[in-house]
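Before any comments, here is the structure.
The values are calculated or read from the model by the stated rules, or taken from the named source; none is laboratory data. Since we're looking at a predicted model, the values are computed, not measured. Neighbour counts are summed over all protein chains in view; Cβ atoms, including those assigned to glycine, are modelled from backbone coordinates with ideal geometry. These accessible areas exclude ligands, DNA and RNA; they are computed on the full protein's heavy atoms, side chains included. Shrake-Rupley method; radii C 1.70, N 1.55, O 1.52, S 1.80 Å.
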Amino acid sequence: MSKQRSKPGTEVVPASNAVDGVEWGGRTIAAGFSVDLDAAILVDRMSEALLRHLRESLLTGERPDGAGEQAPLSARAAAIPGRQSQHRGYRTGVLADELHRSAIKSDGRTASCTVAPPPSRNAYLAGERRRGRELLTLRGAAGEAVAAAARAAVAEMLSGDPVPKDRGEVAAKDVEK
């Protein structure tokens, strides 16, 4: 008695050959396959990807849209005592670390949250925006990171395994890499 080695995966629809010269057609099979497309999972993964990307761009001095380095600091700003970084938007780390998302609101079909800076940095960000510098954006590389997270979340939901999600408020410094 020989043992057969099983192939990895599960065959959902068995292969078939043409019957009576017909080489095309359709077949419907109910295989007990279900998918839980939970909008809160998408929002969780997308918002965490945005927080991670924006924080990393502030830490490294790269523009969040991926279009190169941030504008250099003025000599006066660079000389501020206690400055932790010579990158724009990262004097003390408050903006990068405390950038956060609100709790996710979801009804199952739809979900939403807000990604926002700490209130203490609103005036600084408004000044940077007036000067044409976007330190927080969804354009370019930031948007691509969010879209990639959405694709990964859908693949995770289609795996058939339980998919954990965090619906609470999250700070950028607490998002796992």
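For the range 106-127, taking the residues that are exposed (fewer than 10 other Cβ atoms within 10 Å of the Cβ) and within 23 Å of the chain's Cα centre (by Cα), the one that is modelled with the highest pLDDT is identified as Pro119. Counting only helices (runs of 4 or more DSSP H) that fall entirely inside the range 69-164 and contain at least 2 residues that are under 20 Å from Leu54 (Cβ atoms) and either free of Cβ contacts under 8 Å to residues at least 40 places away in the same chain or touching a helix residue (DSSP H, G or I) at 6+ places or on another chain (Cβ under 7 Å) (or both), the qualifying elements are 94-98, 122-130, 140-158.
Of all residues in the range 165-177 being in a helix (DSSP H, G or I) and open to solvent by 70 Å² or more (accessible area, probe 1.4 Å), which is nearest to Asp44 (Cα to Cα)? Don't jump to the end; show me each part of the working.
Step one: of the range 165-177, the residues in a helix (DSSP H, G or I) are 172-174.
Cutting the leftovers down to open to solvent by 70 Å² or more (accessible area, probe 1.4 Å) gives us 173-174.
Working: Lys173: 15, Asp174: 13 Å.
Residue satisfying both the conditions and the ranking: Asp174.
If you go through the range 130-177 and pick out every residue that is farther than 20 Å from Glu56 by Cα and of a type in the set (Lys, Arg), you end up with 5.
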